[in-house]
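Notes for the one structure printed next.
The values are calculated or read from the model by the stated rules, or taken from the named source; none is laboratory data. Remember, it's a predicted structure, so these values are computed and weren't measured experimentally. Cβ coordinates were reconstructed from backbone atoms using ideal geometry, including for glycine residues, and neighbour counts include every protein chain displayed.
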Amino acid sequence: MPSLKEYRNRIASVKSTRKITSAMKMVAASKLRRAQHQAEASQPYATKMFDMLSRLVARINIDTTSPFLLAGTGNQDTHLLIVITSDRGLCGGFNGSIVRKARAQIRELLDEDKEVKIICVGRKGRDVLKREYASKIVHTFEGLGKKRLTFADAMEVSRFIMDMGGRREFDVCHVLFNRFKSVIAQVPTSTQLIPFYVPEKEAAEEAGVHAVYDFEPDEDEILQDLLPRNLSVQIFRALLDSAAGEQAARMTAMDNATRNAGDMINKLTLRYNRARQAYITKELIEIISGAEAV
Amino acid sequence: MAAPLSSKTFKFELVAPERILASEDVAMVTVPGSAGEFGVLADHAPVVSSMRPGVIEVQDPSGEIKRIFVSGGFADVTGELCTVLAEEAVNVNDIDRSAVEKKLEELRGQLAEAADDVAKAALARDIAIAEAKLAAVA
């Protein structure tokens, strides 16, 4: 049985752990609010751009001469996966679930004899994927949006992808990230970025049904301009969702940890008191039996 | 301060990736389209245009004109709504002339040293933006 002093020390250490986790929870909560706000604020731009693109795509025919970002290379051989995780840990299953999803997708692609390339955004995902697929990781982005995520961060990533695309180093590009569904639910999602996923015809018509649009200078040129920006926007949205999800996951994880620490303290205190009582009883018995012996 | 050409107003929205910068009722908007500047009044024919770096002039119903610099983007015009998507947008009055001049000089220096074509193209684009910005203040 541990001594009284050991109990006291353990209680003190769990208490200070609880202090840390509850502070982290509060920090995560306030960061979450900011991240959520930012994600909401970026919505109109993304929606508008998607509308515009859908309208535009509905008007042109996609063939082999279409821009790379729209039609891909026409092949399906090399897949580029962009895996978005966090830079920091202590956020529950947040990174684990995305890595699991990435692994499943990679295995599936490898089984079909496709070539896979990986770009990691965030240190945690890289650390895990490196163990198994080190040769497939082409690049890692770290410390994106350390203070505050900006559109420039997303552009940095999209520029890298476009450079790779320009050299025809992949055919299909997916982004894997935790979609922020609610504070308690982040859904690992895989979205195809290239070739551009063409919305259903009806949806496109609905968006364009109000009017017949003029395009200036012309459809192709706007498309050339619009597609790279759309890529940045999609990545920006994925980054924002992931950032909000990370804080939400951390908040939940730290809330649980705080509660567990509380339970642990209660249990330890109970045992401490019991040990103390036993100690006192023992001492009394010793004194009494000592007195009786005289 | 000229009186607005039309008394009818429409909605003008300036949207950046990170947030909505402006959303107001206006009388007229002049957009620096890549195929040439064009004015938008209420009930304009629907048009989508890309923009070159330049100045958007927004005239509110009282005739007051606000000038906003954009680094490029897109304008989506329907009869009752004019949406401008821009990555960078600043009020012309807020542009710091000397800072832009310094930046321009820096960029030109970098261009002279740049080796590969991709970097050159990116720098050339940045220079065009900086030049347009300077022209906007002048």
Subset tally (residues that are within 14 Å of chain B (Cβ to nearest Cβ) and either touching a strand residue (DSSP E or B) at 6+ places or on another chain (Cβ under 8 Å) or not in a loop (DSSP other than H, G, I, E, B) (or both)) for the stretch A:2-47: 13
Within the stretch B:1-57, restricting attention to residues that are more than 10 Å from chain A (Cβ to nearest Cβ) and in contact with a helix residue (DSSP H, G or I) (Cβ under 6 Å, 6 or more places away or on another chain), which residue is surrounded by the fewest Cβ atoms within 10 Å (Cβ to Cβ)? B:55
Tell me, which residue of the stretch A:48-101 that is basic (Lys, Arg) and part of a helix (DSSP H, G or I) is nearest to the other protein chains (Cβ to nearest Cβ)? A:48
Which condition from (1) surrounded by fewer than 19 Cβ atoms within 10 Å (Cβ to Cβ); (2) at pLDDT 90 or above; (3) β-branched (Val, Ile, Thr) is the one that residue A:128 breaks? (1)
One residue is enough: does the stretch B:82-90 have a residue meeting the conditions surrounded by 20 or more Cβ atoms within 10 Å (Cβ to Cβ), in a strand (DSSP E or B) and more than 10 Å from chain A (Cβ to nearest Cβ)? yes
Scanning the stretch A:216-244 residue by residue, the ones that are in contact (Cβ under 8 Å) with a residue 40 or more places away in the chain, of a type in the set (D, E, K, R) and surrounded by fewer than 20 Cβ atoms within 10 Å (Cβ to Cβ) total 2
Here are some conditions: (1) modelled with pLDDT under 90; (2) within 15 Å of the chain's Cα centre (by Cα). Residue A:155 meets all but one. Which one does it not meet? (2)
Give me the pairs: first residue in the stretch B:36-55 and under 13 Å from residue B:10 (Cβ atoms), second residue surrounded by fewer than 17 Cβ atoms within 10 Å (Cβ to Cβ) and hydrophobic (A, V, I, L, M, F, W, C), beta-carbon distance under 6 Å, and six or more apart or on different chains, which are they? B:46/A:211
Restricting to the stretch A:128-176, and then to whatever is within 14 Å of chain B (Cβ to nearest Cβ) and polar (S, T, N, Q), can you tell me which residue is farthest from residue A:103 (Cα to Cα)? A:150
Residues within the stretch B:58-80 that are more than 17 Å from residue A:216 (Cα to Cα), surrounded by fewer than 23 Cβ atoms within 10 Å (Cβ to Cβ) and within 14 Å of chain A (Cβ to nearest Cβ), tallied: 2
Which residue out of B:108, B:125, B:67 is basic (Lys, Arg), in contact (Cβ under 8 Å) with a residue 60 or more places away in the chain and not in a loop (DSSP other than H, G, I, E, B)? B:67
For the stretch A:1-29: of the residues being touching a residue at least 24 places away in the same chain (Cβ under 8 Å), among the aliphatic types (A, V, I, L, M) and out of contact with any Cys (no Cβ under 9 Å at 6 or more places or on another chain), which is nearest to residue A:242 (Cα to Cα)? A:29
